[in-house]
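Scroll down for the structure; my scribbles are underneath it.
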């Protein structure tokens, strides 16, 4: 106590320095490790572990989100304009010119889609027909603007879908090829629901179309499997849609502009598309899946914050013991001129020091682990998934929230002991101590 100088209320900066010095002295004794120092180290360790776990776990959740998003965006567009109730959206020159002139749209793909009954006949003709209801999607493969957004990887065959010997071509997904043991060159007979309905209402033979498997594309999927792809003209004939389409897939220069472009399209919806359309971003197309992933992430955040909360309660106990032990020192400081606010600042500073040390150490450990996991894949996945190691994506906002949450809990835990210390009466404390 020999180094204590006289305090005045006008020397606020000096008060803060002295409060910080006293706080450090109470927390970390130089000569010996006291019980209070041991509790301080335990508190710092708890906050360090909690902050490191939070950064690591949230980074892994972000990594899984990025992986799933990347795979879904391999087929889902950034924005989709789709008609409600079937292929009723009209594709005309005005709509095409609008997307051609849009500065944020890099590619546009009108499409026709629907369900059909598929019948397969193997090339050797020895195996029986197989019937299956499948999802079909017709796209204009001759349009340069469309080709930019249709870079599906071909594992067998080619992308040629034009008519050959009277047979238009198909691209089938790998899962369907494996399920039905299809090969390039096999013939597929398709019957749409509209042709089937016409056959029933007009009492006539259903009109079918024969296609040839030209290629097999492999596209990983998480939710619904990818459809069979065909030329849009063949889809018009199959589904009897003429110049009507099911929707338009839009690719953007920047994924982050999706919400802004959606608002623009909503304002133009009545004049361009009519009222019976829905405009969805990439997030809207898989909203249940993305919402669940976000819910899991922030649920894990709240659960792991309990670790930091326990460490913060340890801060409360540690500072309460220091208040009890240092009653005489507090009385002397008050007698020498320190105000209740100055005394309170000493213990708030202690909570802040514990919180800042734990947050920095925990943040460093968490970021280091995330970096090593990203570079070397330290934690492997137990089963064969799309990836072989836990993915990592560090987001600055998560790190900031964890740091602020850690400091807030530390300061909150120190407030009650600080308030009790500031309420001690110096004359009574010195008299009885």
- Contour minus end-to-end for residue 240 and residue 268, with contour as 0.36 nm per residue of separation and end-to-end as the Cα-Cα distance? 7.3 nm
- Message: Classify region 291-433 from the C-alpha gyration tensor, please: rounded if a/c falls under 1.5, else prolate or oblate depending on whether a/b exceeds b/c.
- Response: prolate
- Which of the peptides 404-417, 246-259, 287-300 is most tightly packed, and how do the rest follow, going by the mean number of other Cβ atoms within 10 Å of each residue? 404-417, 246-259, 287-300
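Working out 0.36 nm times the residue gap between residue 181 and residue 275, then minus their Cα-Cα distance, what length gain in nm do you get to one decimal?
29.5 nm
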- Task: Evaluate the distance, in nm, between pseudo-label points positioned 7 Å from the Cα of residue 132 and of residue 360 along their respective Cα→Cβ axes.
- Result: 6.1
- Item | Relative exposure of 356, 60, 308, judged by other C-beta atoms within 10 Å (fewest first) | 356, 60, 308
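No value in this document is a laboratory result; all are computed from the given coordinates. Remember, it's a predicted structure, so these values are computed and weren't measured experimentally. Don't worry about glycine lacking a Cβ; one is built from the backbone with ideal geometry, like all the others, and counts go over all protein chains shown.
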